[in-house]
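Participant: Below is a structure I'd like to ask you about.
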There are 2 protein chains.
Amino acid sequence: MAIATPASGSQSPRKTNASPHDALVASGTSERILDVAERLVQTRGFNGMSYADIATELGVTKASLHYHFPSKADLGVRLISRYEENFLRELATLDASRSDAKKKLRGYAHLYETVLRQDRMCLCGMLAAEHATLPSEMRARLSAFFDANESWLVDVLEAGRKSGSLSFEGPAIAKARMWIGSLEGAMLLARSYGQVARFTQVATQLLSALSL
Amino acid sequence: MAIATPASGSQSPRKTNASPHDALVASGTSERILDVAERLVQTRGFNGMSYADIATELGVTKASLHYHFPSKADLGVRLISRYEENFLRELATLDASRSDAKKKLRGYAHLYETVLRQDRMCLCGMLAAEHATLPSEMRARLSAFFDANESWLVDVLEAGRKSGSLSFEGPAIAKARMWIGSLEGAMLLARSYGQVARFTQVATQLLSALSL
DNA sequence: GTCTATAGGTGGATAGAC
DNA sequence: GTCTATCCACCTATAGAC
């Protein structure tokens, strides 16, 4: 349910992910670093967060962090990749539920809401704001994340319109972009007010705009 | 038309604004500093921009900047205040035009678009992302900006509904928040893709949702 | 009002011991 | 893998000459 939350997804030692210099040993430490870094970026931004912040929270030294993520750009790229993986996994779960389109969209908005309830901004929404200052490798990953969101939404919207469970005019991609932009923006504002309701109000309106 | 653009509003020497330590002499330098700082914050964020950046662009020293704005928080607060003043001035102009509600809303969206076309994010949208790292004086000003936007939109929306030129269900304040959130978010995404069309598509959809 | 000079802190990053 | 120690660039900010 939650997205890349320390308490949720993926921390116990596994051999699935390549981490320290692409060796096949994922120490678990890398994941803990990513967990903390992720939260810090979501709340303070990539520029508003430092190796020192992460190190202090984890009780290790900065040098240790550099062992796992030599440069901050490396860390940033892995943050986005992991976030996208987790997000796409959630979307796949929604697909597997075989709900109707409207329910899937509700679920989609709920993913954002879960992040917001942790007083966090969407990782990629935050990074989009800092876009101009990011290493180019991060920028590329960022677009990939939004492209993936867009294409998932397009599929759901078109299927919903075809089946008659959704009603809207114009190309699905326009609606998809409207959804992403509006949810990200609503999240941004809701968080700066500390009022989740400001987000849910927008999500509700987006949904009801697709009803007959 | 443009919002707080160096080329537009307000730079020639005047006695209206208090600037250096609230003396009654506005050197013009303060405004030039604000012009550069504003653009840098809009493109790189408050944390992504420094006194050194501004100084270099203006060909002065950092010490000179500190004379006009002793601390970065001072600079930030004045940036928001000026931005809000200029923005509200544009809204007043829209009001004075005595257009119908729909035209006013179109004008409202156009204000955002003008900023976006300069490859900038809305100053306050950018700062909203950095909210958690901002000095508290800046946070307060930030809310004031969005509150003012909200109340202007509420007035326009209610007048439009009463006159029959707009059609929507539910409280005007919900629609107002939807507008702000969606425009800010669409701007955020459009800018990170460098595609203004991503913004105008959303603005168009927001408008047509208010038609019969 | 603007400069030089500098203080004091923190940023990311590396070398080398353990 | 994690540590200590350190480098150097950059940050905000101030003192004091001009």
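Taken together, the values in this text are just the output of simple stated rules run on the coordinates, not laboratory data. These numbers were taken from a predicted model, which means no experiment stands behind them. Note that each Cβ is placed from the backbone with ideal geometry, even for glycine, and that neighbours are counted across all protein chains shown.
Participant: Per residue, what volume in Å³ does the Cα convex hull of the stretch B:39-108 take up?
Facilitator: On the way: hull volume 7.5 nm³, N = 70.
Convex hull volume per residue, Cα atoms: 107 Å³.
Participant: Using only Cα atoms and rounding to the nearest 10 degrees, what angle (0 to 90) does helix B:172-193 make with the longest principal axis of chain B?
Facilitator: 60 degrees
Participant: Out of every Cα pair in the stretch B:54-152, what percent are spaced more than 23 Å from each other?
Facilitator: 38 percent
Participant: Tell me the angle of helix B:29-44 to the major Cα principal axis of chain B, expressed in degrees between 0 and 90 and rounded to the nearest ten.
Facilitator: Approximately 60 degrees, to the nearest 10.
Participant: Now a separate question. Round to the nearest 0.05 the FRET efficiency obtained for A:SER64 and B:ASP100 when R0 = 45 Å and r is the Cβ-Cβ distance.
Facilitator: 0.10
Participant: Put a label point 7 Å from Cα along the Cβ direction on A:SER151, then list its distances to the equivalent points in the other copies in nm, shortest first.
Facilitator: 4.7
Participant: Give a residue-ordered list of calculated ³J(HN,Hα) values for the stretch A:128-136 (Karplus: 6.51 cos²θ - 1.76 cosθ + 1.60, θ = phi - 60°; whole Hz; x for Gly, Pro).
Facilitator: Running phi through 6.51 cos²θ - 1.76 cosθ + 1.60 with θ = phi - 60° gives 4, 5, 8, 2, 5, 9, 8, x, 4 Hz.
Participant: Let me ask you something else. Can you tell me the order of B:46-59, A:172-185 when each peptide is scored by its average per-residue count of other Cβ atoms within 10 angstrom, highest first? Intermediate results must be reported in sequence, preceding the final value.
Facilitator: On the way: B:46-59: 17.0, A:172-185: 24.2.
In descending order of packing, they fall as A:172-185, B:46-59.
Participant: Rounded, prolate or oblate: which one fits the stretch A:94-212, using the alpha carbon gyration tensor with axes a ≥ b ≥ c (rounded when a/c is under 1.5, else prolate when a/b beats b/c, else oblate)?
Facilitator: oblate
Participant: Next up: Which residue, B:GLN118, B:SER182, A:ASN47, has the largest displacement toward the positive end of the dipole of the protein assembly as shown when charges sit on each Cβ (Lys, Arg +1; Asp, Glu -1)?
Facilitator: Positive-most Cα among the choices belongs to B:SER182.
Participant: So, one more: With θ set to phi - 60°, apply the Karplus curve 6.51 cos²θ - 1.76 cosθ + 1.60 along the stretch B:148-158 and write out the HN-Hα couplings as whole Hz, x wherever there is a Gly or Pro.
Facilitator: 5, 4, 4, 6, 5, 4, 4, 4, 5, 5, 5
Participant: Suppose you put the label 7 Å out from Cα in the Cβ direction; list, shortest first and in nm with one decimal, how far B:ALA197 is from each other copy's label.
Facilitator: Label-point distances to the other copies, shortest first: 4.0 nm.
Participant: Here's a follow-up. Quick one: what are the phi-derived ³J(HN,Hα) couplings along the stretch B:118-126, Karplus 6.51/-1.76/1.60 with θ = phi - 60°, whole Hz, x for glycine and proline?
Facilitator: 8, 6, 10, 8, 3, 3, 7, x, 4
Participant: Smallest Cβ-to-axis distance in chain A, for the rotation taking A to B: which residue, how many Å?
Facilitator: Residue of A nearest the axis onto B, distance in Å: A:GLY185, 1.
Participant: When all alpha-carbon pairs of chain A are counted, what percent fall beyond 23 Å?
Facilitator: When all Cα pairs of chain A are counted, 48 percent exceed 23 Å.
Participant: May I pose another question? If one takes the longest principal axis of the Cα atoms in chain B, at what angle in degrees, from 0 to 90 and to the nearest 10, does the Cα axis of helix B:72-96 lie?
Facilitator: That helix lies at roughly 40 degrees to the long axis.
Participant: Taking the label point as lying 7 angstrom from Cα along the Cα-to-Cβ axis, what are the distances from B:GLY59 to the corresponding position in the remaining copies, in ascending order and in nanometres?
Facilitator: In nanometres, ordered from closest: 5.7.
Participant: Follow-up question, since we're still on this one. Shielding by partners for A:138-146, please: the mean number of other protein chain Cβ atoms within 10 Å of each residue's Cβ.
Facilitator: Whole-number average of other-chain Cβ neighbours for A:138-146 is 1.
Participant: By the gyration tensor of its Cα atoms, with a ≥ b ≥ c the square roots of the eigenvalues, what is the shape of the protein assembly as shown: rounded for a/c under 1.5, prolate for a/b over b/c, or oblate? Display every interim value, and only then the final one.
Facilitator: Details: a/c = 2.26, a/b = 1.09, b/c = 2.06.
Oblate shape, in that a/c is at least 1.5 and b/c is the bigger or equal ratio.
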